[in-house]
Every structure is written in C-alpha cells, then in structure tokens.
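A short reminder: the numbers here are calculations on the coordinates, not readings from a lab. In this text, all values refer to a predicted model and were calculated from it rather than measured experimentally. Positions of Cβ are backbone-derived with ideal geometry, glycine not excepted, and every protein chain shown enters the neighbour counts.
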Amino acid sequence: MITIVAGGTGSVKLVRGFAALTHDITVIPNVGDNIWIHGLYVCPDVDTIVYGLAGLLDEKRGWGIRNDTFECLGFLRKLGAPSWFSLGDRDFATHIVRTDLLRKGETLSEITELARRKYSIGPRIIPATDDEVSMIISTSRGKMHLQEFWVKHRARPQVSGIEFKGSGAAAANPEAVDAIRRSDMIVIAPANPISSIGPTIALADIRKELARKRDSVVAISPLIGGKAISGPAAKYMKALGLQISPLGVARYYRNLIGNFVMSNVDHHLAPEIQSLDINVYETDISMKDRRGEKRMARYLLNRVFRK
C-alpha cells in the first residue's frame, strides 16, 4: 500500500504516475489553501487531485477544469463582486455542491469521497483534516490568506512570517493517519514544502505517524539547482530561515523522512543530506509528460523501496 502526502499542481503529476501503475494508493491532499469565497468553500488542492485523476484537469494552468468557461465570473465582476480568484463555470458546480453538503452536516472527507465515486476514481482521496486550517502569511502589506498572497497580489509582497491557523486545534483525519500507519511506502510529493505540505505535517497525529514510519517515508525535492520547479517556495523558505536548496527541504523534513530523492544537478549536496541520517537518491525528477510521471513513480517503486 502506498500513501502520497500531496499538494496541488506539483503533486498531481506524481499521483497520476502512481495511478497509472497501481490503484493501491491513498492520497492525502493539503487543505491549508482552502478558502471561503463568494459564500462557497473552495478546496484548490483537493480539487486538483480529483480533476487530475478524473482526466478533467486543465493541465496548461495546472488547476481548474479543462476548456472551462468564465461567464459567471464575468457577471460577478459586473455586479462589483471580487473577481481576483478565477473560478470556471464548471468548477463552480463542485464548490456549490460541496458547500451545500457541508451546511447539511457532511464532512469534507465524505464530500470528497462522493466526488471520487461520481468520477470513478480508483485511488482513495482523504483530506488531511475535516477541520479548517488556513495558511496565513505575514507580509509587507499585512497578514493575508495564502490565496490572497499568491493569486490576488501575485506573490509580490515581502514575506516575514507564516502560520498555519487552526492546525493546533484541528483533528487529523483518522483515515489519513490509518493509511500512513498501514502503508509500506509513504511519499511526500514534490510540492512546495511550506504551503502544500506544511499544513498537513503541522497536524500532530499525522506528524507523529510519519515520524514513527520514518524509514518508509520518502520525499521528492521540489527544487532543482536552488530554484523551485514552480511556485513561490523560495519566499516561504526564506521567511522560515531555511536554505533555498534541496538541503533546506531535507532539513525541514528531517524528523519525518528516511529517504530523499533529488536531481542529479544537486549531487554536491548529497553528503550533507546523508549526515541528517537520510538516504539520498539522485535521478531526473522532472515530470514533463505522462512518460515522465510514470518514470518517476516507477523509480520510487523499484529503486527506493526495493533496495
């Protein structure tokens, strides 16, 4: 059994790669970027995983539904409603149904399972928690939600601090914890370690279980040669005082992982990462197409966990 701790755009490629090889996988998507907007509860990373596995994802943008239209957003703009968060007309259906069911008392996990079944998705998708956890960023323009920083302000403000609001009181999803406990292999996907993985590992029970299973946990670097494959990882890592390199990522995960996969480009960092009692593997970590996605998943199955 394989469990993947995932974020959004960077993670869905690896998830698809594994799904092409086996259905015996569980995905634990990030909820730290969930946001209430237009009165609807939007879960970007959860939906990216759902759409990606359902074959609906707009892969050019990395989020939303392929060939979606934006008529509703245009009318919202006309009526003076905020329009900085771009939701497509088909995408709106997901958020409308989710919000309606939440108000009727169903949990985020139950609603995500409904979507999984409706879209005939094989892998299990279990949100890290059913409680609300939000990544809040302290910036030169004040505190703001991750989505405001990344989408509305285009990651321009300087970042001075980060908090995972609600993580202390939030209960980790018991099914997610159980999946980690029962897995032969746990993969931390090549996602932004702070915004996409941070909220999940901030949950005490998940963090505890990952630490207990450390030898069976592998993380894939989201950085190559000191640069993020995508997104503002560097800004977040700098705010937390982390070195902007695969070494910095490995240090961030050091108590949770026993294995780390990085690009051959970063070979010179291997000795320092190994000194953290972490096994290091070097390969081509880019996943530019379906072949690359399967190659990465196959490498993890055949090289890292069949030593």
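Which aspartates and glutamates does K213 reach when only Cα atoms under 18 Å apart count, and residues fewer than 8 places away in its own chain are ignored?
Partners within reach: E175, D178, D184, D205, D277.
Sequence-distant or interchain residues sharing an amide H contact under 5 Å with T129, placed H: which?
Under 5 Å from the amide H of T129 lie the amide H atoms of N173, each far enough along the sequence or on another chain.
Give me T22, T9 sorted ascending by neighbouring Cβ count inside 10 Å, so fewest comes first.
Listing T22, T9 from fewest to most nearby Cβ atoms yields T22, T9.
Convert each backbone phi in the range 157-174 into a coupling constant with the Karplus relation 6.51 cos²θ - 1.76 cosθ + 1.60 (shift: θ = phi - 60°), then list the ³J(HN,Hα) values in order as whole Hz, x for Gly and Pro.
x, 6, 9, 10, x, 9, 9, 9, 4, x, 5, x, 8, 5, 9, 4, 5, x
List every residue whose amide H lies under 5 Å from the amide H of L57, counting only residues 5 or more places away in sequence or on a different chain, with H placed 1.01 Å from N in the peptide plane.
When sequence neighbours closer than 5 places are left aside, the close amide H contacts are G52, R66.
Within a 10 angstrom radius of the beta carbon, how do Y252, Y51 rank from fewest other beta carbons to most?
The order, fewest Cβ neighbours first, is Y252, Y51.
How about K78: which aspartates and glutamates have a C-alpha closer than 18 Å to its C-alpha, ignoring those fewer than 8 places off in the same chain?
Reachable aspartates and glutamates: D89.
Using alpha carbons only, how many angstrom separate the centre of the range 203-255 from the centre of the range 37-75?
27
Measure up K60/K104; K60/K118; K165/K235 against 27 Å on the Cα-Cα distance and list the ones that go over.
K60/K104
Using only helices, what value at 222 nm comes out for the chain when you add -39,500 (n - 2.57) per DSSP H run of length 4 or more and divide by the total residues, to the nearest 500 deg cm²/dmol?
That calculation yields -10000 deg cm²/dmol at 222 nm.
Could you check what % of the DSSP bridge pairs in the range 174-304 are antiparallel, to the nearest 5?
15
Compute the Rg/Rh shape ratio of the chain: radius of gyration over Kirkwood radius, all on alpha-carbon atoms.
0.95
Can you tell me the dipole magnitude for the chain around its Cα centre, using point charges on the Cβ only (Lys, Arg +1; Asp, Glu -1), in Debye to the nearest 20?
600
Apply the Karplus curve 6.51 cos²θ - 1.76 cosθ + 1.60, θ = phi - 60°, to the phi angles in the range 295-300 and return the couplings in whole Hz, x for Gly and Pro.
Coupling constants for the range 295-300: 4, 5, 5, 5, 4, 5 Hz.
Quick one: which residues, 5+ away or cross-chain, put their amide H under 5 Å from the amide H of Y41? H built at 1.01 Å from N.
Under 5 Å from the amide H of Y41: T99.
Is there a quick way to get the dipole size of the range 1-125? I mean about its Cα centre, with the Cβ of Lys and Arg at +1 and of Asp and Glu at -1; what is the value in debye to the nearest 20?
120
Please list 3J(HN,Hα) in residue order for the range 128-136, calculated via the Karplus relation 6.51 cos²θ - 1.76 cosθ + 1.60 where θ = phi - 60°; whole Hz, with x for glycine and proline.
Computed from phi, the couplings for the range 128-136 are 4, 7, 8, 8, 8, 10, 10, 7, 10 Hz.
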